[in-house]
Amino acid sequence: MEAQVAASLYKDGRKQALVGGDIVVASSDSGLHSSILRSIENLGGDYIANIQVDDSGQGVEFAVEHDPVAAREDRWYPVDELLVDPGPGELVGYAFDVNFPSEIMLTSPLPTDTYTSRGQTIALNWNTETNGDQIRLTSVQTCFSGDQSVQWATSTIINSTDTGSHDISVGSLIPSTTVVNAISDFFQQISVMIVSSVLEAYTFGLVSADDIDLGSYNLDYCTISLTVFREISNDLGADISGGYAIGSASDTVTVRYEP
C-alpha cells in the first residue's frame, strides 16, 4: 500500500540538481495521491519520497514540474518569504510512468535468526513467479564494536530469472579482514536509497566511494538487513534518450550475526 520512490535526472550524462522551484512529483491512483521527491543532499541530484499506492497495478507517474512554493515547503522559514522565481527550468515537462511487478514475500530467513559463524549460509526463499523477472539482493550491514559502529551496503543481481531461492554466506556479507568497497553503480545506489527509506537508517556513507577496513574492528555483533527485489524495466518514452526506469517489489528481513 506504499511505494518508496527515488529518482535522479541526467543531462548529457551529468547528474542535474533541480533549482529555482523545479521539483519531481510522483503520483499514483490516477492522481489521487501525490508526493514531492525531496533531495537527500542539497544540490546532490538524488531525490526520494514515499507515496500511498491503493492500486499497484496502475503504477506511479513521475513528472518534473515548476512550483516555487511547494519546492520550499520543507524549509524552516515561511514559504512566501525569500521567494525568488526565475521561471521553469529546461527539465520541466518531462514525465514517465513506472509499473510494478507482482509482490514478493520472503519466507526465510526469519527476523529471529542469529548466525554465529562466517561459514554459515543464509537461505533466502520467496514466492516465485514464472515470468522471469530479475531478482536483486541489497543488504545493509551495521557492525558494532564497543561504542563504535560501521555501516555499509552491498547490492547485486542474484538471478536473471526468478528461482524463488538464493543462498549466501555470512562471510560474503561480513568479511573478516577484507577491505569493503562501498557501492557506486547507479542501480545499486537507487536500491540502497529505497531500502534505507524503509530502514530509516540512511547515511551518505552507504553510497560513498570510501573503503571500510573491517580488520580494525573486534566485532561484538552485526545486524544484516536483507532486501530481495523483483525488478522489471519500464520505457521512459520517446522524449527521453537513454536512462532507465525500474519498477520493483521488495521484502526485507533483518537477522543478526554474533561471532
Measuring from centroid to centroid over Cα atoms, what is the spacing of region 84-126 and region 1-69 in Å?
-> 16 Å
Within the under-13-Å Cβ sphere about Gly164, not counting Gly164, Lys/Arg +1 and Asp/Glu -1 give a net charge of -4
Collect residues whose amide H, placed 1.01 Å from N in the peptide plane, falls under 5 Å from the amide H of Leu91; neighbours closer than 5 in sequence don't count.
-> none
What does the charge dipole of region 2-98 about its Cα centre add up to, to the nearest 20 debye, if the Cβ of each Lys and Arg holds +1 and the Cβ of each Asp and Glu holds -1?
-> 380 debye
How do 31-39, 249-257 rank on mean C-beta neighbours within 10 Å, highest first?
-> 249-257, 31-39
Subtracting the Cα-Cα distance from 0.36 nm times the residue separation, let me have the gained length for Asp29 to Asp113 in nm, one decimal.
-> 26.5 nm
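Laboratory data are not the source of any read-out in this text; all were calculated from the coordinates shown. Since the structure is predicted, the reported quantities are computational estimates derived from the model, not experimental observations. All Cβ positions, even for glycine, are placed from backbone atoms using ideal geometry, and neighbour counts span all protein chains on display.
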